[in-house]
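Inspection log for the structure reproduced underneath, given as structure tokens.
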Amino acid sequence: MKTILTVDDSSSIRQMVSFTLSEAGYNVIEASDGKDGLEKIKKASNVNLVITDLNMPNMDGIALIRKIRESPAHKFVPILMLTTESQNEKKMEGKQAGATGWIIKPFKPEQLVAVVKKVLP
Amino acid sequence: MIEELRQYLTFKLGEEVFALDVNQVREILDYIKITKVPQTPEYMCGVINLRGSVVPVIDMRLKFGLKKTEATVNTCIVVVEVNIESERTVLGALVDSVQEVFELEPGEIEAPPKIGTHLKTEFIKGMGKREEKFIIILDIDKIFSANELEILGSNAEINN
Amino acid sequence: MLDHLKEAFLEETRELLGQLEESLLELESDSSDEGLISKTFRILHTIKGSAGMFDYDEISRFTHDIENVFDLIRNGKIKADNHIITLTLRARDQIEKLLNNDGSSCSEETSEIVESFRKILLGFNEAGLPEKVKTCIVSEAVEESRTEDYLIKFKPSEGILKNGTNPLLLINELRDLGECYPCMLTNQIPPLETLEPEKCYLSWNIFLRTSRGIDSVKDVFIFVEDECELKVEVIEETGTPVGLNDCSREILDILSENSPNITRELKKLLSEKAKLPKTEKAALPANLKTEKCSDTGNAKSIKVGSEKLDYLVNLVGELVTVQARLSQISAQKNDPELILISEEVERLTCELRDNALNIRMVPIRSTFNRFKRLVRDLSQELGKKIDLFTEGEDTELDKNVIDKLNDPLVHLIRNSIDHGIEASDTRIACGKNETGSVTLSAGYAGSSVIIRITDDGAGLNREAIRKKAVEKGIITKESSLSDKELYNLIFAPGFSTAEKVSSISGRGVGMDVVKKTIESLRGNIEITSESGKGTTITLKLPLTLAIIEGLLVKISDEYFIIPLSAVEECIEMHRSEIQNENGMHLVKVRGELVPFIPLRERFNITGQSMEIEQVVITSNDGNKSSANSSKIGFVVDSVIGEHQTVIKSLGKFYKDADGFSGATILGDGTLALILDIPTLIKREEEMEKKLFQNR
């Protein structure tokens, strides 16, 4: 089973992502901000995909992406960022930091699954 | 009003037999010690411990303008569920004895008579016919929502 | 959307709105605090984002413009001035309304607020309006266009792997669109000594036949647009399309040559090969791996409906009752083995009870925070400058207590601001700081929580209170009262010292209602005041409503519980000691005459009272140390001892039975009624007054 780490400070979005992906047969780990996410990815034995929000307290999504890419173990792990349409700049910044792709909020559960399938073998 | 075949529980107060819809009956208890809440009307007997819940008990005889219930071996507490101000409440009704459960077709239930009972008609769901006798089917939601003075017809009727 | 997810969204958004309000108010006092600004932005952003996800589109759209304004503030382009904060606070309230309306209904107020935000944005057009970006990456309803053949040339940049992109997945995705013949080109792979394993040297020529349209094809590469050379060409068809199975090898041959004329060659092939025999379809092996993961996600906290907790606490309550019974029986049986088990059950039950109750404890912070807004609005409305200080926000109370505490606190704070704090000019004239202060503090005191509301206003006016009380017939002109008794008069029903009824204090709830609410929480309220310096109102509340520390007493065969918080001491009373003055029952306690209530008589309990009775002395204001606290005794047959018990409501049917705050089930299953001491005393006073008047 593939493991996906979802990082979002909004618990309702986190729950929604987690619920949708669990239904789709993935194992989901939740983290409430970048810092938490970084700790969780380091602790978890194998994370196959990271889905992260960009605006978060403690450590934002961009910083999280950079940190994950710095770690040799997660150099190539796909990372999807959650953005809104008004954040084109952020999207570019995220890509430069090493994000694989993005999901634009708001999204429907089936869209989420489709995007996940796109980057997760 | 009453559309299908329903079951009714009959109980006695003095010589009079009353019935109520079994759907509202939770269980029937033998008489147990009732803890009186001081400074409350006499018809409110008090409260009992029903497996960890505090349940109030009402003396149906007093509620219907009869003399206070004297506990005998037949005395029972009928635990009913009623709607008081659209809230579900569990109550114990203290009665002289419980008789039986029987079924009635809707056709066997007639409208309450205007006179002849000392209860106001709005507290009666209907008159059920049982072995050539009429039994008053009570609307207990209404009965327990009203205070005792409202239930009884005018004094003249009681005296009759 | 599933209900529980929506429920979580609603709960979270309400919480966020609370935080939003708090940070806005803080921002008002320090508009340059960057941390606060980004926090505010983040909250708005989260609200917008999740509202959109949970079909609250109205909220999402509405919040969008506000978020943009805060983006400008965040980038230092505009300042978070009073206007913006007031507007945002209004918007916050509007979001709350929309939330309660299930997200629908666009009222005039919504559009008016949006207009105001747009106006702010207008001055900053360049940053304000979002750039147009593709809004949807996964086309939801794919329009069925006619089947077409495409040639896709895909050359990822060397560094594409570093972004976690797996190019093979993109190729696989193309397969899902239709018939796909990918050919990998390896001519760019350098000699081994210069090859860097983390770089991608591969490129692909792909033939695709699909009916999904060219946009679907391009969407496959949306994440890598900037990191590859991509060319998508349509191969014009002549005549009816041929089955591709027949010519797959040829297609792949053409693709692998990578000549500049691939398109033309493919076209030629397709037109020619219509009648050739079948060949095998080439396919890349599916890239399948199965992996196992052991770590499951553990969230730090979970949200639970409060009714579930109530249910848990009720169950624990029942367990406590059953356990008490077990203890009693095991003590009777005197079986060492049984006693051992019973003691173990007792220990576990105690722990379970404490834990269950603890779950319901929440910090008073959010309640306090709500008042920041109240104070701000009131001070603007009244034109008084007021600072609100809070202390001990981390003090925890049972959620049920906190919920019921809100209204009384609102009333007390309103009172402090409306009546307590003077107008600015008066304050300056008195030599005080122009800005008044109201301090809210909370803290523990034993098994109680003390909440204080202190203002530095004018203090209570003794004369005004006295005059009013005489007018209202609450006291007579001759009554001599201590300050404390005088102050307590403001809790009498219908009492109000305000000269004019303002929109703030005159809301039809008197201080008597406040006192009643606090007492219904088994707490008490006390007031102290110093003329010209201010007033302090102290609330003392139990930590929890579910369990009561009580004194178990007995009259005849009936058991009663007296809340321990009211009990001062117990004394024995011989018949001969009773002093009967003017029909009042009095007993001498260390030289002091204390009135008492004979409960047997009051409660109409049959039987003779004993030769020696017990008097439980209570003090009705809970302040045991105070010299002039009024003591009242309650006469019972015997005092059994302290008893920690779970409170059961007497229910709707006994709602009129004041004097009892509930019942509890004793170890042997008998019921004991819990006395409501303040109400019993009040009733006694009323009775005496009547007696007095009749004379």
How large is the translational diffusion coefficient of the stretch B:6-155 in µm² per second when you combine the Kirkwood radius over alpha carbon pairs with Stokes-Einstein at 37 °C and 0.692 mPa s? 209 µm²/s
Got a sec to turn the phi values of the stretch A:27-37 into Karplus ³J(HN,Hα) couplings, 6.51 cos²θ - 1.76 cosθ + 1.60 with θ = phi - 60°, whole Hz, x for Gly and Pro? 8, 10, 10, 10, 9, 9, 6, x, 4, 4, x
For chain C, calculate the relative contact order in percent as a whole number, restricting contacts to Cα pairs under 8 Å that are 6 or more residues apart. 8 percent
Per residue of A:25-38, how many C-beta atoms from partner chains lie within 10 Å of its own C-beta, taken as a mean? 2
With all pairs of different alpha carbon atoms counted, what Kirkwood hydrodynamic radius in Å does the stretch C:363-542 show? 16.8 Å
I want the antiparallel fraction of DSSP beta bridges within the protein assembly as shown, as a percent rounded to 5. 80 percent
Residue-averaged [θ]222 nm for chain C, counting only DSSP H segments that reach four residues, each worth -39500 (n - 2.57): -13000 deg cm²/dmol
Hey, got the average number of other protein chain Cβ atoms within 10 angstrom for residues in C:663-671? 4
How many angstrom lie between the C-alpha centres of the stretch B:91-133 and the stretch C:638-689? 38 Å
Selection from C:Gln188, B:Gly52, C:Leu98 lying farthest towards where the dipole of the protein assembly as shown points positive, charges on Cβ: C:Gln188
Long-range amide H contacts for B:Tyr31: which residues qualify at under 5 Å (H placed 1.01 Å from N, peptide plane, sequence gap of 5 or more or a different chain)? B:Ile77
First obtain the Kirkwood hydrodynamic radius of the stretch A:1-95 from its Cα pairs, then insert it into the Stokes-Einstein equation at 25 °C and 0.890 mPa s, and state the resulting D in µm² per second as a whole number. 187 µm²/s
Between 0 and 90 degrees, rounded to the nearest ten: what's the tilt of helix C:511-520 against the longest Cα principal axis of chain C? 80 degrees
List the residues, sorted by chain then number, that are 5 or more residues from C:Ile386 or on another chain and whose placed amide H is less than 5 Å from its amide H. C:Gly436
To the nearest 20 Debye, how big is the dipole of the protein assembly as shown about its Cα centre, given +1 on the beta carbon of each Lys and Arg and -1 on that of each Asp and Glu? 1100 debye
When only Cα pairs under 8 Å and 6 or more residues apart are kept, what is the percent relative contact order across the stretch C:547-694? 28 percent
For the stretch C:215-225, 3J(HN,Hα) per residue [Karplus equation, 6.51 cos²θ - 1.76 cosθ + 1.60, θ = phi - 60°, Hz, x = Gly/Pro]: 5, 4, 5, 5, 4, 4, 9, 4, 6, 10, 2
Charge tally in the Cβ shell below 14 Å around C:Thr110, where Lys, Arg are +1 and Asp, Glu are -1, C:Thr110 excluded: -4
Helix C:248-257 axis, angle to chain C major axis (alpha carbon atoms, nearest 10°): 90 degrees
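Looking at chain B, identify the longest residue range that excludes and avoids all GluC sites (Glu not before Pro) in DSSP loops having at most 12 other Cβ atoms within 10 Å.
Excluding the exposed sites themselves, the longest stretch runs over B:86-130.
What number, in nm² with one decimal, is the all-direction average of the projected area of the convex hull of the alpha-carbon atoms of the stretch C:306-360?
Its Cα hull, projected and averaged over all orientations, spans 3.3 nm².
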Expressed in Å to one decimal, the Kirkwood Rh of the protein assembly as shown from all distinct alpha-carbon pairs is 35.4 Å
Test item: Cα-centred dipole of the stretch B:74-145, Lys/Arg +1 and Asp/Glu -1 on Cβ, debye: 260 debye
Hey, what angle do you get for helix C:3-29 against the long axis of chain C, alpha-carbon based, 0 to 90 degrees rounded to 10? 70 degrees
Compute the orientation-averaged projected area for chain C from the convex hull of its Cα atoms and round it to one decimal in nm². 50.9 nm²
Relative to the Cα centre, what is the charge dipole magnitude of the stretch C:363-542, using +1 at the beta carbon of each Lys and Arg, -1 at the beta carbon of each Asp and Glu, and rounding to the nearest 20 debye? 300 debye
Under 5 Å from the placed amide H of C:Gly550, counting only residues 5+ away or on other chains, we find C:Leu564, C:His643, C:Gln644, C:Thr645
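Here, each number is a calculation from the coordinates, and none is a lab measurement. Everything numeric in this text was worked out from a predicted model, so none of it was measured. Cβ atoms come from the backbone with ideal geometry, glycine included; neighbour counts cover every protein chain shown.
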